[in-house]
Amino acid sequence: MSATILRNGRVIDPANKRDEVADLLIVDGKIAEKSEVSGQKSEIEEIDVEGLIVAPGLIDMHVHLREPGFSHKETIESGARAAAAGGFTTVICMPNTSPAADNPSTIAWIKDRAAEAACVHVLPTGAISKNLAGEELSPIGSLAQAGIVAITDDGHCVQNHEVMRRAVEYARMVGLPVLDHCQDYNLVGNGVVHEGYWSTLLGLPGWPAAGEEAIIMRNILLAELCDHHIHCQHVTTAGSVRLLREARSRGVKVSGEVCPHHIALTDEAIQNFDTNHKMNPPLRSQADVDALLEGIADGTLSILCSDHAPHANFEKEVEFDAAPFGIIGLETELGLFFDLLVHKHRKIDIVRLIEMYTVEPARLLRINAGTLSIGAPADVTLIDPDLEWTVRIDKFESASHNSPFDGWKLRGRAVRTIVGGKTVWRL
Amino acid sequence: MTTRWTRKDLLGLRELSADEINFILETADAFKQVGTREIKKVPALRGKTLVNFFVEPSTRTRTSFELAALRLSADVINISATSSSLTKGETLKDTARNLEALHADILVLRHSSAGAPQFLANRLRASVINAGDGAHEHPTQALLDLYTIREKREKIAGLHVAIIGDILFSRVARSNIFGLLKLGARVTLVGPSTLVPCEFEKLGVEVSHKIENVLPSADVVNLLRIQHERQRREYFPGIGEYIRLFGLTKERAKLLKPDCLIMHPGPINRGVEIDSDVADGVQSVILDQVTNGLAVRMAVLYLCGGIAT
């Protein structure tokens, strides 16, 4: 028997509506009751966590770990270390690898690699369409059997509404949620930044808000038609928030997630042509940021995530048009959301923030994670809600450094990450 | 005027003050006079090396820069995209750093991506002169436009300048907007709503979709070429309809004040944005712009080349 007791922390377990100062006991990799250990006090590892939050292990349901195919950007091993350093015990990886995760053998490879090398749980998603091309359905049933937790063409978007409809209907049969990167290719064209004041001023091709909203609208219609859940990834615009709010109020099975950069920055940041401000969807206007904050506050946007998108320096060190989209986020997201949502804007409390990183994604993906219930896997994140720290990209565990947040001073961060009862990272 | 020039690069007019713009124009006055001498050459940049690095094709601007550099006694080499290692997959940064390793002092860059000159300027010791980046800025074109207006009308403040045509994809329009507003002109953009979106009003200009309403009060009309190569799709139904709605035809030219200047950055599509006879008429200063471009570029190379170490 191995046992650990976390002493005197503020235990927050939204799944059980629990928020109290208490001890948390871990026995043999599971959350246990006090009565399960008696006597032999010397065999119990004691950790004093007074002043810290004891939270269920956090889940980031939107990361790119780049393997197979792009191990110069990130590996499953380095990405998992970055996740642990950010306080995450479970990450959901996107299928835009090479080869794409549109077949069971690639899923098996990812799971094998994660079992060998990852210090946190890595759960793969599968592609909606073959080679993410948006034309023919991938073998969704076989992918489900291989162990994916959702289907998505993230980075791409199925344009043909009929293909998308069949994917959603089929996913319903096999019990998988559908995640969608919402981008209308005709409206967006070669856009690289938000279409508005700054794109006009700088002459950069614009990516209009309507290019996201048109697909959000499509997804609402299909979720109703198919009576199945469609989750909209990295929502960025005021219009998207309004559409989702209205649909959710009618009980339509749609949801949305937010990335920290879309509330921490606006499109004003692109004026120096720094490619670490180039991501897809792009940084939006202040009005959009305000709407996202309201959407988080009223529950319209229910999940927080990073869209961790590693790229090598040499790939980002090019002309703005030519640079790949995306930034890394695993090691900064909790600090940014804590700092912005809880401390600065006071949009949500700590309990809701943890809920958006645990209960909400676990429920959507139907995975056994995100709770401190007795008997649950002992995945635990210890958070210091008031710790002030400075982002240093040279200290990142990720293999890449493409972050616009270097030097930012934040308040709140994870200080220890425990997976299956074992500490996999500590500050 | 006490402005001293402190910039190693010329990236755009948005970042310049009115004083800096005027200082360039005054410096150009001196160089314009050089062009009228029998020996049109001064030793200002002797021993310096200038690279004309044109990743996007150009004849007029490249020739103008080359001639300007030669008249300043610089050594000049020309590199185009097809003759550079970019076609072999080398990055822009690596190509530029190789040129710098060959002791290039001034890099004149034309590139299809907005921000490319700034990208290099932040990474090189050499001067970077923007010769046009995507739809962003074309500062020396705007400077020669300002120079020409100032030369013909003696001032810029208070004048009403209409910029007509494809504004959305035009770096010439953006640099002109920034420069003209800084020097106190009133600017109206004219063109179809798809190429002149109202978002431009936030830059401090007026937007009109009816050319007849604007021509009578204009002191300068600057006509821009319809840039087919930059447009991914249909922004207007066709050339015929464009001419019908926005072309500066002989009929419409009659609406202009007699002293209104007609400008065009070239190359002209005769019979499209401007009637052929109007382009060659007495109000046209299109060839003066070309001549002045040489003086303005000499001034810019002289000023920036003097800062770079």
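The values are calculated or read from the model by the stated rules, or taken from the named source; none is laboratory data. Note that this is a predicted model, so its numbers are computed, not measured. No Cβ is skipped: glycine too gets one built from the backbone with ideal geometry, and neighbour counts run over all protein chains shown. The accessibility values were calculated without ligands, DNA or RNA, using every heavy atom of the protein model including side chains. Shrake-Rupley method; radii C 1.70, N 1.55, O 1.52, S 1.80 Å.
In order along region A:64-76, the phi-based Karplus estimate (6.51 cos²θ - 1.76 cosθ + 1.60, θ = phi - 60°) of 3J(HN,Hα) comes to 10, 9, 6, 10, x, x, 10, 5, 6, 8, 6, 10, 4 Hz; Gly and Pro are listed as x.
Of all DSSP-defined beta bridges confined to region A:10-160, some 40% are antiparallel rather than parallel. Largest mean-square fluctuation among A:Leu304, A:Leu204, A:Leu283, in a Gaussian network model of chain A whose springs join Cα atoms under 10 Å apart, belongs to A:Leu204. About its Cα centre, region A:57-365 has a charge dipole of approximately 660 debye under the convention of +1 per Lys or Arg Cβ and -1 per Asp or Glu Cβ, with nothing else charged. Restricted to Cα atoms, region B:244-309 shows a radius of gyration and a Dmax of 16.3, 54 angstrom. Among A:Lys130, A:Lys73, A:Lys409, the largest mean-square fluctuation in a Gaussian network model of chain A (Cα springs under 10 Å) belongs to A:Lys409.
Listed by chain and number, the lysines placed with their C-alpha closer than 26 angstrom to that of A:Lys130 are A:Lys73, A:Lys111, A:Lys253; residues fewer than eight positions away on the same chain are left out.
Here region A:57-365 carries DSSP beta bridges of which approximately 5% are antiparallel, counting only pairs with both residues inside.
Over chain A, with the other protein chains present, what is the accessible area per residue in square angstrom, probe 1.4 angstrom?
On the way: 15260 Å² over 427 residues.
That works out to 36 Å² per residue.
Against the main long axis of the alpha-carbon atoms of chain A, helix A:238-249 sits at an angle near 60°.
Run lengths n ≥ 4 of DSSP H only: what is the helix-derived mean residue ellipticity at 222 nm for chain B, with -39500 (n - 2.57) per run over all residues, to the nearest 500?
Numbers: 11 runs with 114 residues, N = 309.
It comes out at -11000 deg cm²/dmol, rounded to the nearest 500.
Of the residues in region A:304-348, those shielded by at least 30 Å² of accessible area once partner protein chains are present, compared with the chain alone at a 1.4 Å probe, are A:Glu317, A:Val318, A:Glu319, A:Asp321.
Taking the Cα centre of region A:191-337 as origin, sum charge times position over the Cβ atoms of Lys and Arg (+1) and Asp and Glu (-1), and report the length of that vector in debye to the nearest 20.
Working: 9 positive and 21 negative charges, 95 e Å.
That gives region A:191-337 a dipole magnitude of about 460 debye.
Its Cα centre serving as origin, the protein assembly as shown has a Cβ charge dipole (Lys and Arg +1, Asp and Glu -1) of approximately 1860 debye.
Shown for region B:161-190: residues covered by the partner protein chains by 10 Å² or more of accessible area relative to the chain by itself (probe radius 1.4 Å), namely B:Arg174, B:Phe178.
Two decimals, Cα atoms only, Kirkwood Rh: what is Rg/Rh over chain B?
Values: Rg = 19.1 Å, Rh = 19.8 Å.
Ratio of gyration radius to Kirkwood radius: 0.97.
Chain A and chain B together bury an accessible surface of about 1800 square angstrom, both sides counted, with a 1.4 Å probe and no ligands or nucleic acids included.
Peptide B:111-124 is shielded by partner chain Cβ atoms: per residue, an average of 5 of them sit within 10 Å of its Cβ.
Which whole number in µm²/s is D for region A:57-365 by Stokes-Einstein, with the Kirkwood Rh taken over Cα pairs at 37 °C and 0.692 mPa s? Mind dumping the intermediate values first?
Values: Rh = 19.2 Å.
Translational diffusion coefficient: 171 µm²/s.
In sequence order, region A:117-123 has phi-based couplings of 10, 8, 8, 10, 6, 10, 10 Hz under the Karplus curve 6.51 cos²θ - 1.76 cosθ + 1.60, θ = phi - 60°, and Gly or Pro positions carry x. Scanning residues 5 or more positions from A:Asp23 or on other chains, those with amide H under 5 Å from its amide H are A:Asn8, with H placed 1.01 Å from N in the peptide plane.
Take the solvent-accessible surface of the protein heavy atoms, probe 1.4 Å, and return the percent of it on region B:72-148 that carbon and sulfur atoms account for. Answer for region B:72-148 is 46 percent, counting heavy atoms of protein chains only.
Can you give the translational diffusion coefficient of region A:212-275 in µm²/s, computed by Stokes-Einstein from the Kirkwood radius over Cα pairs at 4 °C and 1.567 mPa s?
Translational D for this selection: 101 µm²/s.
Taking the C-alpha atoms only, the angle from helix A:210-226 to the longest principal axis of chain A is near 70 degrees. Summarising the amide proton neighbourhood of A:Gly147: residues at separation of 5 or more, or on other chains, whose placed amide H is nearer than 5 Å comprise an empty set. In summary, the lysines within cross-link reach of B:Lys257, defined as a Cα separation below 25 angstrom excluding same-chain residues under 8 places away, comprise B:Lys152, B:Lys155, B:Lys182, B:Lys210.
For region A:57-365, which whole percent of the accessible surface, found with a 1.4 angstrom probe, sits on carbon and sulfur atoms? Carbon-and-sulfur percentage of accessible area, whole number: 49. Once you reduce region A:328-386 and region B:171-185 to the center of their Cα atoms, the two points are 50 Å from each other.
By the helix-only formula, in which each DSSP H run with n ≥ 4 contributes -39500 (n - 2.57) and the sum is divided by residues, chain A has a 222 nm mean residue ellipticity of -8000 deg cm²/dmol. Nearest 5 is fine: what % of DSSP beta bridges in the protein assembly as shown come out antiparallel, could you say? For the protein assembly as shown, the DSSP antiparallel bridge percentage is about 35. Averaged per residue, chain B has 41 square angstrom of accessible surface, using a 1.4 angstrom probe with ligands and nucleic acids left out. By the rule of a C-alpha distance below 18 Å, with chain neighbours fewer than 8 residues away ignored, the lysines paired with B:Lys41 are B:Lys32. For chain B, the longest principal axis of the C-alpha atoms and the axis of helix B:171-182 are separated by about 80°.
Sequentially through region B:100-115, phi angles give Karplus couplings (6.51, -1.76, 1.60; θ = phi - 60°) of 5, 5, 8, 6, 5, 9, 10, 10, 9, 10, 10, 8, 7, 9, 4, x Hz, Gly and Pro residues having no value and appearing as x.
Could you please tell me the mean projected area of the C-alpha convex hull for region A:46-110, averaged over all directions and given in square nanometres to one decimal? Can you show the working numbers first?
Values: hull surface 22.8 nm².
Seen from a random direction, the Cα hull of region A:46-110 projects 5.7 nm² on average.
Three principal axis extents describe the C-alpha atoms of the protein assembly as shown; from largest down they are 105, 56, 45 Å.
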